[in-house]
Amino acid sequence: MVALTKRKQDEFQAFYTNCSYITSYMVSLLRCQGNVSILEPCAGDGAFIEELKAINNTPNITAYELNSDSVNILQSKYSDISSIKIKQEDFLLPFQLNFNKFDRVIGNPPYGAYQSPAKRKQLKNEYPQLYAKETYGLFLVKAMESLKKGGRLVFIVPDTYLTLHMHEGLRKELLQHYEIELIVLFPSNFFPGVNFGYAGLSIISIVNKVPNKTYSFPAYNGLSTSKQLLDLLTEKRKKYEICRLTYSQLSKNPSSAFLLSSKDWINSALSTNNLKVGNICSVVTGFYSGNDGKYLRRSKSVTRGIKKYALINTDDICNDDLSITPPLDGLNISSCWVPIVKGGNKKFYKNSEWFMNWSKEALYDYKVTNKKRARFQNPQYYFHQGIGVPMVSSSSITGSLIDGRLFDQSIVGIFPKKKYEYLTYFFLGLFNSNVCNALIRTINASTNNSANYIKKIPVIMPNKIMLNQISNEVRRILILAKKRNVGNDDLVTLNEYYNKIYGSTNT
Ligand SMILES: C[S@@+](CC[C@H](N)C(=O)[O-])C[C@H]1O[C@@H](n2cnc3c(N)ncnc32)[C@H](O)[C@@H]1O
């Protein structure tokens, strides 16, 4: 039978859980035998309440909801069931010290719903360790605090809590005070019509019990339809178990990230006390003029943005080696347009196709007149040697040589510290390798390569012979990259080198 599906969304971030397989699985996980008290902190039009009613005609439920349309629906559905109490109140406010505790909590909280600046400030004060911009984390923690000892909570939330840097506080809260029973990951389109793109969804089941360090729990992934959630209630669950996560290990991971890898080499590289990119390189974001339409020009080879960006006159390009004395106060010459490395996924080398106005007047604008919009950030790295990794990957991570040019804000610049400059080509190869892609996608499952994630990539030092082999291979590929796009076939030998260093047999 096809699951009944319907989705509504409004300013309350109301993605209603109108998928019977999801509600049925979550209510099964809740284990509601006997007359347990249940909290629904953000009830919508009652998807979970309906499912709970199906197993017990008069469930003992307290439901919060802010939106008056939804409250009206809830009241019309449940006003004659005295054991279901509807509260038109903000679940996150006020902070009562002795609020009621419940045996069970079930919910699908709003993801990133709007909060007034005053409310956000209040929430930040109350939960300084949490990411107050993202409402689901706040709902989760407040709902966990509403549990009686031994009580159980089941939530459906985006999977960003697993690795997102900003959710470190939430992960620590879980690891210190609660036992996670299981987590399930699946695509956001299990809610028909929804496709977040930036994240998948996750069901998490939690018990209010102080865990010991050896505690572990399973993570399930690989479901292709929402109906398969019901398999997880049977012995078939084994085939979806991708790993067990141990609390002692999770606490040791960088920012206590929940790294879900079934590959031993990845777990070992991430958990051993290896150096990290952030220990031996400066990892920084680049420049923005504040008005690229005015200050950025393109070469003839660029075919996109033709209307927005004027063509560069080749006489205006500064061809000097700017790495010798980086002109951080601008250039006093007529050829004052400097090459800038921009985003876009291209391996190893991007030929200079974009040019930024670097006259003294333009710099005055970036630094003074238009300083609110412009980003004259990390200038000590402009015109240096380093590797540029676009903030967002397409299919896999790519890195290209900055080569003494400016780099823009959509790029993370990786600059080996003085003592490690001899590793520049090693890093250039690494950031284009399968090994690096597998590591960063474990550190952060989205396609985001922001500086915080890049810093956490473990560096296993090659021996001298291997370093030489890699540097020579990277030199060969660099020559290719200046002529044409580098493809996977060009990278076979290089990938083998990194596989060997990181102990990866199959990436
Ligand atoms: C993602 S929807 C889920 C609704 C329902 N639990 C379901 O699964 O179908 C989140 C609901 O939370 C409500 N909401 C948003 N902020 C709230 C708050 N601060 N307190 C209580 N409810 C809130 C929204 O109006 C919306 O109905």
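Please treat every number below as a calculation from the coordinates, not as lab data. Fair warning: this is a prediction, and the values are worked out from it, not measured in the lab. Here the Cβ positions follow ideal geometry from the backbone for every residue, glycine too, while neighbour counts run over all protein chains shown.
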**Asked** So what is the calculated 222 nm ellipticity per residue for the chain, using -39500 (n - 2.57) for each DSSP H run with n of 4 or more, over all residues, to the nearest 500 deg cm²/dmol?
**Response** -7500 deg cm²/dmol
**Complete:** The FRET efficiency for Thr493 and Ser224, from their Cβ-Cβ distance with R0 = 51 Å and rounded to 0.05, is 0.90
**Complete:** Of the convex hull enclosing the alpha-carbon atoms of segment 92-155, the direction-averaged projected area in nm² is 4.3
**Message:** How large is log10 of I(q)/I(0) for segment 20-260 at q = 0.10, 0.17 Å⁻¹ when the intensity is taken from the Debye formula with one equal scatterer per alpha-carbon?
**Reply:** -0.46, -1.45
**Fill in**
Here the longest stretch of the chain that holds no GluC sites (Glu not before Pro) in a DSSP loop having at most 13 other beta carbon atoms within 10 Å is 90-507
**Complete:** With a Förster distance of 35 angstrom and the Cβ-Cβ distance between Lys417 and Arg244, calculated FRET efficiency to the nearest 0.05 equals 0.40
**Percentage relative contact order, the chain, counting C-alpha pairs under 8 Å, at least six apart** = 11
**Sequence-distant aspartates and glutamates (8 or more away, or on other chains) whose Cα lies within less than 17 Å of Lys172** = Glu126, Glu134, Glu145, Asp159, Glu181
**Message:** Treating only the Cα positions of segment 374-476 as identical point scatterers, give the base-10 log of I(q)/I(0) from the Debye formula at each q in 0.11, 0.16, 0.17 Å⁻¹.
**Reply:** -0.33, -0.70, -0.80
**Prompt:** Say each of Ser262 and Asn291 gets a label point 7 Å from the Cα, pointing the same way as Cα to Cβ; how far apart are those two points in nm?
**Reply:** 5.5
**Message:** From Cα pairs below 8 angstrom and at least 6 apart in sequence, can you work out the relative contact order of segment 305-418, rounded to a whole percent?
**Reply:** 29
**Prompt:** Quick one: Cα convex hull volume of segment 160-251, Å³ per residue?
**Reply:** 105
**Asked** Of the listed peptides 455-465, 207-217, 397-407, what is their order by residue-averaged count of other C-beta atoms within 10 Å, with the highest listed first?
**Response** 397-407, 455-465, 207-217
**Prompt:** So how do Asp408, Asp292 line up by other beta-carbon neighbours within 10 Å, fewest first?
**Reply:** Asp292, Asp408
**Prompt:** Where the Cα atoms of segment 314-394 are projected onto their three principal axes, how long is each span, largest first, in whole Å?
**Reply:** 36, 31, 22
**Message:** I want to check the label-to-label distance for Lys85 and Ile324. Put each point 7 Å from Cα in the C-beta direction and report it in nm to one decimal.
**Reply:** 7.9
**Fill in**
The relative contact order of segment 280-502, taking Cα pairs under 8 Å that sit 6 or more residues apart, comes to a percentage of 24
**Message:** Taking just the alpha-carbon atoms of segment 280-502, what radius of gyration and Dmax come out, in angstrom?
**Reply:** 17.6, 52
**Prompt:** Based on the inverse mean of 1/r over its pairs of different Cα atoms, what is the Kirkwood hydrodynamic radius of the chain, in Å?
**Reply:** 25.6
**Request:** Would you mind telling me the antiparallel percentage of the DSSP bridges in the chain, rounded to 5?
**Result:** 60
**Complete:** Given 243-249, 315-321, 106-112, the highest-first ranking by average Cβ count within 10 Å works out to 106-112, 243-249, 315-321
**Message:** Sorted from largest to smallest, which semi-axis lengths in Å does the alpha carbon gyration tensor of segment 255-340 give for its equivalent ellipsoid, taking the root of 5 times each eigenvalue?
**Reply:** 42, 19, 12
**Request:** State the percent of C-alpha pairs, over all pairs in segment 32-165, separated by a distance greater than 21 angstrom.
**Result:** 41
**Request:** Between the alpha-carbon centers of segment 238-260 and segment 419-441, tell me the distance in whole angstrom.
**Result:** 24
**Asked** What is the mean projected area of the alpha carbon convex hull for segment 113-186, to one decimal in square nanometres?
**Response** 5.3
**Request:** Report the extension gain between Ser251 and Lys360 in nm, rounded to one decimal, defined as 0.36 nm multiplied by the number of residues separating them, less their alpha carbon distance.
**Result:** 34.2 nm
**Message:** What's the ranking of 370-377, 222-229 by average number of surrounding C-beta atoms within 10 Å, highest first?
**Reply:** 222-229, 370-377
